[in-house]
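Just below is one structure, and these are the notes that go with it.
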Protein chains: 2
Amino acid sequence: MDVRELAAQVRLGRPRAVARLISLVENAAENIAEYSTGNAAGNAARAGGEGGAEPPGANRVLREVMADLATGAARPYTARVIGLTGAPGVGKSTSTGMLIRAFRRRGSRVGVLAVDPSSPFTGGALLGDRVRMQEHATDPEVFIRSMSSRGHLGGLAWATPQALRVLEAAGCDVILVETVGVGQAEVDVARLADTTVVILAPGMGDGVQAAKAGILEVADVLVVNKADRDGVQATVRELRNMTGLAEPPWRPPIVTTVASREEGVDDLTAALDKHQAYLDESGEGRRRRLARARDEIEAIALARLRSRFAGLHGDRLDALATRLLDAGTDPYTAADDLLAALR
Amino acid sequence: MDVRELAAQVRLGRPRAVARLISLVENAAENIAEYSTGNAAGNAARAGGEGGAEPPGANRVLREVMADLATGAARPYTARVIGLTGAPGVGKSTSTGMLIRAFRRRGSRVGVLAVDPSSPFTGGALLGDRVRMQEHATDPEVFIRSMSSRGHLGGLAWATPQALRVLEAAGCDVILVETVGVGQAEVDVARLADTTVVILAPGMGDGVQAAKAGILEVADVLVVNKADRDGVQATVRELRNMTGLAEPPWRPPIVTTVASREEGVDDLTAALDKHQAYLDESGEGRRRRLARARDEIEAIALARLRSRFAGLHGDRLDALATRLLDAGTDPYTAADDLLAALR
C-alpha cells in the first residue's frame, strides 16, 4: 500500500490502515527508545541506520502519511480527548468500557489508547477483563489500540500525540486515553487530554493518600468508582475537602460510580460535558491544545536530535560517558562537547 | 558562600551545603519544566532569562560546583544506588526506613532520594509515617531529600542523576531512591539504580496483576512486604512462576518482609549483597553505570537545547504550534523548522 493510499484508508476509518499506521508510530518510538539504551542491540541498530538516522524507509512513509493527515482537508485537534488515570485496581478499564458504551449510544466514533500496563488492552491484566472488552472488537465505530510504555526519555511523549492524530484522522470524535498513574504518568496524561478524569476507589488506604499529592494539579473530574464498597462516603468527603481548595473558575466535580454495573454513567458524562463547555467558553480548551501542539513539535525535534547524538562519529556519547565515569570530565562539559559535535 | 566553598562543604558532608546544592539542582529542573509549559508564567520567566537561557546566576554556580564535584579528587559513580519501587500502599517508605537502619548498623553513610508523591519524605503521606521518619532527622550520617516529580519532559531525568552525584560527593556509600511506580516510573528508577527492588504486598488484587507487566524487565530483587497478611504464599507462588522465566545469569530472588516490624531485613540485605556481587563479577555493574552516565549527559544536552527552543526569537515554538493547530503545517515539518531556527 503506498503512502497516499494508506492516508486515504485511514481517513475512511479502515481499521487495518489505522492499525498499520499506529504500528509505524510505535516502531519509530521504539527506535527512539533504543537510541538511548547504549546497549549492544542499540548500537547494532544504529550502525545499520545510516549514521544513526531513523530507519529511512519506515520513517519516510510515516512522515509523509502524517503530513498528509495533518494538513489540507484535515481537522486536527478537534476530537475530544479524555484521559483516565488512577492507581492499579480502581477500575480504570471497566470505566473506560462504560464510557465507550456511553459515547457509542450518542453515535460517536470512539478511539481508545491504552498506555497502561494493567489494561486488558495492553494484555497485562485479568482474562475476565480482556473478555469483557471483546464486545467492542466487532464494532467498526470503536478503535482500540495499546501503546507500550517502554519509550524511555521521550518515546511515549513522541508517540502518543501522533497516535491520537491517527485516531482523529480516522474520524474518532472522542478518544479515551487510559493510563495507570500516580505521579508522573498523571501529569503526562493531563498534558495530552482536554479533560482528565482521576479515578479512585474507596478502601484503598494509602492509595488515596498517595493519589492526593498530584490530584488537584491534574484532575478535571474525580470519580470514586466501586461506590458499592465500604468507605465511599469517607473518600468522597476527603476529596471534597481537597477540591474545596481548588482555584475557581473550575472546581473538579466528584462523581460516584459502580462501573461494573454501569451505575453513575449519566453523572459522569454530565460532568464531562460540563467540563467541555467550560473549556470552550473560557478559552482554556484552545490554550491546552496549543500546549499539546508545542509538546508534539518539541518531542519530534528532540527525538531527531537524540538520533543525531547516536549517529555521531565513533559513538561520541559512549566515549563521553566513559570519561565521566572515570572522573575525567563533568556532566555539563560533556553535554557541551556532545552539542558541539553536532555542528 | 562562594562556589569553591560550597563544593568543599558538600565534600565534608555538611547537611546545609548538601541541601543547598540539591535545591539548586531542583530549581534548575523546574526552570527546565517551565520551558515546556507554554504558559504565561513560563513566558515571563523566559523573557527575563536572557533570551531563554537558564537564569544565568544560579546555573553558573550549579555548573561550577558540579564540575568541581565531578572531577579531580572525586570518585563519581561509586555509591551503591538502590531503587525501591512499587504501587501505592505496599509499604515502600517503611521498607526504605528499614533499609536506612540496616545500612546504618553497618556503618554506612546513607542518602535517600524520594521521588514519590506518596512518600512521607515528599510530604504527601500519613502523619504517622512522617513522624516515624523523624528518627533519622538528627543522624548526621543520613541525608534525606525529596524531589518533586513535576519535571515533565525530562526535568526529573535531568535532576535525579545530579542529586545522586551530590549525595555521593557528600560521602554517602549507599543511596536509596524511593519512587512510586507501575509502568514508566519503574523503568526510570531502574535506569538510575545499580539494584532495583520492586515491592509488592499480598492481597492487592489487581495491583499485583498490574505490576506484572513491567516487573521482570526491571526487578533485580522482589519483595513481598506485609507478609503477615493473608495471601502471601499465593503472591510468592505467582512471582516464582514469573521469575522462573527470567534469563540467567540473574534470576530475581523473592524476599518476604514485614517492614513495620523489621522482619526479613537480613534476607533482604543478603539478597541486595548477592546482587551487588553479581554486578561486580559480571561487569554488568559497569555497564549499568555507563548507561547512567550516557543518560546524564544526554539529559543535560537536551535540556540545553530545549531552553534554546524557548529562547528563539518571537517564540517560534508558539507560532509553530498555532500553525499546527490550524492545519497549516504538519508536526514533522514544524519540528524541522524549529531545528532550522536553532542554527
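The values are calculated or read from the model by the stated rules, or taken from the named source; none is laboratory data. Not measured: the values here are computed from a predicted model. Using ideal geometry, Cβ is built from the backbone for each residue, glycine included, and neighbour counts are taken over all protein chains shown.
Out of A:319, A:277, I need the residue that is out of contact with any helix residue (DSSP H, G or I) (no Cβ under 8 Å at 6 or more places or on another chain), away from chain B (no Cβ under 14 Å) and of a type in the set (A, V, I, L, M). Which one?
A:277
If you check A:325, A:312, A:339, A:302, which single one turns out to be hydrophobic (A, V, I, L, M, F, W, C), farther than 27 Å from residue B:333 by Cα and in contact with a helix residue (DSSP H, G or I) (Cβ under 9 Å, 6 or more places away or on another chain)?
A:325
Hey, can you tell me all the residues within segment A:198-230 that are modelled with pLDDT under 60 and not polar (S, T, N, Q)?
Hits for segment A:198-230 are A:205, A:206, A:207, A:208, A:210, A:211, A:212, A:213.
Quickly run through segment A:45-96 and pick out the residues that are at pLDDT 70 or above and of a type in the set (Lys, Arg).
Matches in segment A:45-96: A:60, A:63, A:80, A:92.
Cβ-Cβ below 7 Å, separation at least six or inter-chain, first residue in segment B:269-281 and more than 18 Å from residue B:105 (Cα to Cα), second aliphatic (A, V, I, L, M) and surrounded by 16 or more Cβ atoms within 10 Å (Cβ to Cβ): which pairs?
Listed pairs, sorted by first residue: B:275/B:221.
Can you pull out the residues in segment B:307-316 that are surrounded by 23 or more Cβ atoms within 10 Å (Cβ to Cβ) and more than 7 Å from every other protein chain (Cβ to nearest Cβ)?
Within segment B:307-316, B:310 is the sole residue that qualifies.
A quick yes/no check of all residues on (1) crowded, with 18+ Cβ neighbours inside 10 Å; (2) among the basic types (Lys, Arg):
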position	(1), (2)
A:250	no, no
A:254	yes, no
A:259	yes, no
A:272	yes, no
A:280	no, no
A:286	no, yes
A:289	yes, yes
A:292	yes, yes
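Any idea how many residues of segment A:166-197 are modelled with pLDDT of 90 or more and either under 16 Å from residue A:110 (Cα atoms) or among the hydrophobic types (A, V, I, L, M, F, W, C) (or both)?
So the count comes out to 16.
Going by what's in this entry, would residue B:330 be described as modelled with pLDDT of 85 or more, more than 31 Å from the chain's Cα centre (by Cα) and at the interface with chain A (Cβ under 7 Å from one of its Cβ atoms)?
Criteria met by residue B:330.
Quick one: which residue in A:289, A:294, A:251, A:261 is within 7 Å of chain B (Cβ to nearest Cβ) and over 24 Å from residue B:303 (Cβ atoms)?
A:289
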